[in-house]
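The values are calculated or read from the model by the stated rules, or taken from the named source; none is laboratory data. Computed from a prediction, not measured in an experiment: that's the story for all the values here. Cβ placement follows ideal geometry from the backbone for every residue including glycine, while neighbour counts extend to all protein chains displayed.
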């Protein structure tokens, strides 16, 4: 049996990943997908950055690829049933644990 992570380790990992995504914003569009879709998204974004394709032309393709990314995440076998239910019934934009009732 593998040792479980402490709350501190979970918070540290999430904080580090949030910092990386803040520094390199492309991670936001790549996380939660299969590698093939993420590579397609990044390659298309790089083509726009290099001026090989204009941003307006890339928009419809990125719309479909990001839809694939979200579908991969939402249907992942790694997600708990609670997470899937949460995605189906979103709460108000308040942060978890900040409600006065909790």
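From the list 10, 64, the one residue that fits, being surrounded by 11 or more Cβ atoms within 10 Å (Cβ to Cβ), modelled with pLDDT under 85 and assigned to a helix (DSSP H, G or I), is 10.
If only residues of the stretch 36-59 that are exposed (fewer than 15 other Cβ atoms within 10 Å of the Cβ) and under 19 Å from residue 71 (Cα atoms) are counted, the one that is farthest from the chain's Cα centre (by Cα) is 59.
For residue 71, the conditions (1) surrounded by 10 or more Cβ atoms within 10 Å (Cβ to Cβ); (2) at pLDDT below 90 all hold with the exception of (2).
Would you call residue 94 surrounded by 10 or more Cβ atoms within 10 Å (Cβ to Cβ) and either at pLDDT below 85 or touching a strand residue (DSSP E or B) at 6+ places or on another chain (Cβ under 9 Å) (or both)? Judged against the criteria, residue 94 is a match.
Among the residues of the stretch 47-71, those identified as touching a helix residue (DSSP H, G or I) at 6+ places or on another chain (Cβ under 9 Å) and over 17 Å from residue 31 (Cβ atoms) are 47, 48, 52, 53, 54, 55, 57, 58, 61.
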